[in-house]
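Notes follow the structure.
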Amino acid sequence: FNFSLEKSRVKILSMKTTSKSLPLATVFMLSSLDKISAFIPFLSPKHTSKISHSSLNAALQPGQGKVGVIGAGFQAVLTAKVASIIGGYDTWIVCPPGEETKFDELIYASDSEKGKDGSTPIQYVQSEDIENLLKAGDTEALFMVVDGEGTLRPDSLGKIFDWGGDKLKRVVAMSRNLANNEGYGFFAKAAKTGANNEIWLGPESPPELIRQYKEFEDAVKKNCEKKGIEYTIARAGTLKGGGIGVYEEDYEEDDEESGKYYPQYLTKRYYELTKKDLITWQLLYDCDVRGVTISSGDVSPGPGFKAILNAKNNKANAGDTSRCGLAETMVRSLSVKNAGNADFGVGVADSRTIPTEEEWTSLFGALS
């Protein structure tokens, strides 16, 4: 169903989910075709920043300031959790009524983890509360994130920027690889049809979808320029993974074969919700693919002639983006001066461990 709020409030849309395990959920200002993942906001504990301060000239210093997440799907959930745990920011996210239990399942491994070490949960807000929240003037950055094929409504972004006023320093917007035709074509289309319907088709996606992304990006840039706010466009290919990897109860630090456990990502409940086979390939992917690449501009290629073979394997393939790597890149970009008014693609690399602080510094060097 669609409905509009009166006066200054913006349109709200409710879209179909792509998972039968997830309920229909309200999405804030979502504009999409029919491939949107469910919007599942969450609560997340506040932690001390895990980002080094040593080499940063930041829009937001790690561990300082408040950020918000507006969007849809697991990627939005993950981004907010990483913002809280890795970035150390006070974080809020739009939360449809009645979704609290599911948020807890995705964020906390057990009830005892809620409020652990005196931490403060992420603030739940309803869509109709966003105006007053932004007008309060203490939100310094926004993430606009959609997991699926679609964007926030470009024609409604002006309201958000007007409400945010002069306090907003940066807006990080998730988009997609749109410009490079290399690696798409027949094989990518066949993989999307027969192996993994989340394969991203790049410039060969439906024209209406490409137009939508471009209008969204233009709206973000124009509103940021008008208000004197920095923007960051983070581009993704086919989204894969999103969780902790090895389950905490199975993790052995000295066992190099089992992979690593990363509690800053979504809990094992994520794998249960996305499981379609006897063994969820998303879990295997998270155990084996933790490397990240950053490429300046809209230059990332598609999956190529191996698209079908690589559609659900646990390898670092061209055209793919790890949800975990994307979330951490977006959050860390707030602390990187060169990421302001920048446009970059996030890909994957062969590694079973996430980048070190030194490696993150080197990765963002691509934006210099």
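The values are calculated or read from the model by the stated rules, or taken from the named source; none is laboratory data. Keep in mind that what you see is a predicted model, and the values were worked out from it rather than measured. Methodologically, a virtual Cβ is constructed for each residue, glycine included, from the backbone with ideal geometry; neighbour enumeration extends over all protein chains shown. Just so you know, the surface numbers come from the protein's heavy atoms only, side chains and all, with ligands and any DNA or RNA stripped out. Shrake-Rupley method; radii C 1.70, N 1.55, O 1.52, S 1.80 Å.
Data for the structure
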{"quantity": "Contour minus Cα-Cα distance for Asn338 and Asp155 (0.36 nm per residue)", "calculated": "63.1 nm"}
{"quantity": "Prolate/oblate/rounded call for the range 285-349, Cα gyration tensor, a/c under 1.5 rounded", "calculated": "oblate"}
{"quantity": "Measure of compaction for the range 138-214 (Cα Rg per 2.2 N^0.38 Å)", "calculated": "1.39"}
{"quantity": "Burial order of peptide ranges 328-334, 96-102 (average beta-carbon count within 10 Å, highest first)", "calculated": "328-334, 96-102"}
{"quantity": "1.4 Å probe accessible area per residue over the range 117-255, in Å²", "calculated": "41 Å²"}
{"quantity": "Fraction of accessible area attributable to carbon and sulfur, the range 136-183 (%, probe 1.4 Å)", "calculated": "39 percent"}
{"quantity": "All-pairs alpha carbon distance profile, the range 195-337, 10 Å steps from 0, percent", "calculated": "10, 34, 34, 18, 5, 0"}
{"quantity": "For peptides 222-233, 64-75, 201-212, sequence by mean Cβ density within 10 Å, most packed first", "calculated": "64-75, 222-233, 201-212"}
{"quantity": "Rg over Rh [alpha-carbon atoms, Kirkwood Rh] for the range 127-171", "calculated": "0.98"}
{"quantity": "Difference of contour (0.36 nm per residue) and Cα-Cα distance, Ser296 to Ala136", "calculated": "54.1 nm"}
{"quantity": "Cα coordinate range in the range 167-210, projected on the principal axes (Å, largest first)", "calculated": "47, 19, 19"}
{"quantity": "Under 5 Å, built H, 5+ apart or other chain: amide partners of Gly148", "calculated": "Ser37"}
{"quantity": "Ranked order, Phe143, Phe186 - accessible area, probe 1.4 Å, largest first", "calculated": "Phe186, Phe143"}
